[in-house]
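The values are calculated or read from the model by the stated rules, or taken from the named source; none is laboratory data. Bear in mind that the values here come from a model prediction, so they are computed numbers and not experimental data. Ideal geometry is used to build each Cβ from the backbone, glycine not excepted, and the neighbour counts take in all protein chains shown.
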Amino acid sequence: MSTTAPQPFSLSELSAAYRAAAEREAHRISQGAVITGHKVGFTNTRNWAQLGATEPMWGAMYDDTVTFMAGKPGPYSLARFTGPRIEPEIVLHFHKAPPTDASPEQILACVDWVAQGYEIVVTPADGVPPTVPQAIANGGMHGALLIGERCSVMELGRDLVGRLAAVQLELRCDGELKDNGSGASVLGNPLNAIVHLMKGLQREGRPPLEAGAVVTTGTLTAAYPISPGQRWTTALTGLPLPDLDVTFV
């Protein structure tokens, strides 16, 4: 049986979803959580038609959802997640706030370190894929971000804008190759995810990126379901960012 792709969602529908997400963030903050940055999702344009998406989405990350992995391999518990999936991503940390109209080069001038990361996204308990507004309202389906060893921008060499687009990544589960990806899969360049994030924050009347913010820029591969007992690893070429090695428990 053929399926019909959903119609694109209107700006008013998306804005309503971001308002719901803001209420969710306010509730988390009232419980003591601290927003430490943002995740950007829907960065692979090839999937937009089947999702009814017309642009990337974004959501908040918190001090209790962002973990810096020390040593490798490192264990991480999946006990609190529903239907977790793994996404290997490029993570940036801002030492100063970028201008809202910044170019990729100007964005990099505000970044002090880069790392590989695994974003753990969650899926609804009923197994039905969320619509774009539902995903936004639920904080971009963000579950956790696991950040690997950080590397100073100063140590990464010249032409970092071009090299971020050109990086290649292998994602493996228990040694079996699951997928190949590249920086170009993320809106052509992971830095373009920052451009879209800043425009979205401004459009929705939200606070801009600030010094100290961590942003994970979107998956380089497809998202894969994960289970306790699995060991997931990356192999990145094109930049000397230490690879990830995480065993889920």
Does ALA235 satisfy the criteria of being surrounded by fewer than 22 Cβ atoms within 10 Å (Cβ to Cβ), assigned to a loop (DSSP other than H, G, I, E, B) and touching an Asp or Glu at 6+ places or on another chain (Cβ under 6 Å)?
-> no
Selection within the range 84-114 - modelled with pLDDT of 95 or more, surrounded by fewer than 20 Cβ atoms within 10 Å (Cβ to Cβ) and either within 14 Å of the chain's Cα centre (by Cα) or small (Gly, Ala, Ser) (or both) | ARG85, ALA97, ALA109
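Only one residue in ALA184, ALA222, ALA165 is closer than 25 Å to PHE81 by Cβ and either among the hydrophobic types (A, V, I, L, M, F, W, C) or modelled with pLDDT under 95 (or both). Which one? Step through it out loud before you land on a result.
Values: ALA184 fails: closer than 25 Å to PHE81 by Cβ; ALA165 fails: closer than 25 Å to PHE81 by Cβ.
Matching residue, one of ALA184, ALA222, ALA165: ALA222.
Please work out if GLY183 is within 27 Å of ALA79 (Cβ to Cβ), out of contact with any His (no Cβ under 8 Å at 6 or more places or on another chain) and among the small types (Gly, Ala, Ser).
On the way: within 27 Å of ALA79 (Cβ to Cβ): no; out of contact with any His (no Cβ under 8 Å at 6 or more places or on another chain): yes; among the small types (Gly, Ala, Ser): yes.
No, not satisfied.
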For residues in the range 116-131 being at pLDDT below 95 and among the β-branched types (Val, Ile, Thr), which is surrounded by the fewest Cβ atoms within 10 Å (Cβ to Cβ)?
-> VAL128
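How many residues are hydrophobic (A, V, I, L, M, F, W, C) and more than 22 Å from ALA17 (Cβ to Cβ) if we restrict to the range 187-226? Steps first, answer last, please.
Of the residues in the range 187-226, the ones hydrophobic (A, V, I, L, M, F, W, C) are 187, 191, 193-195, 197-198, 201, 209, 211, 213-215, 220, 222-223, 226.
Still in the list and also more than 22 Å from ALA17 (Cβ to Cβ): 191, 211, 214, 220, 222, 226.
So the answer is 6.
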Scan the range 98-114 and give yes if some residue there is over 21 Å from GLU204 (Cβ atoms) and touching a Cys at 6+ places or on another chain (Cβ under 9 Å), otherwise no.
-> yes
Name the residue, out of LYS178, LYS199, that is under 14 Å from VAL40 (Cα atoms) and charged (D, E, K, R).
-> LYS199
Conditions (1) in a strand (DSSP E or B); (2) over 21 Å from GLY183 (Cα atoms); number of the one not met by ALA79 | (1)
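Can you confirm whether GLU25 is of a type in the set (Asp, Glu) and under 18 Å from TRP232 (Cβ atoms)? Even if it seems obvious, please write down each step before you answer.
Details: of a type in the set (Asp, Glu): yes; under 18 Å from TRP232 (Cβ atoms): no.
Here the answer is no, as GLU25 does not meet what is asked.
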Consider only pairs whose beta carbons are under 7 Å apart and that are at least six residues apart or on different chains; among these, list those whose first residue lies in the range 20-42 and is part of a loop (DSSP other than H, G, I, E, B) and whose second residue is hydroxyl-bearing (Ser, Thr, Tyr).
-> ALA33/TYR62; VAL34/TYR62
When you scan the range 200-216, how many residues do you find that are farther than 20 Å from LEU14 by Cβ and not in a loop (DSSP other than H, G, I, E, B)?
-> 2
Within the set of pairs 6 or more residues apart or between chains, which connect a residue that is without any contact (Cβ under 8 Å) to a residue 40 or more places away in the chain inside the range 221-247 to a residue that is in a loop (DSSP other than H, G, I, E, B) with Cβ atoms less than 8 Å apart?
-> GLY229/VAL249
Is it the case that the range 163-177 has a residue that's among the basic types (Lys, Arg) and under 17 Å from the mean Cα position of the chain (by Cα)?
-> no
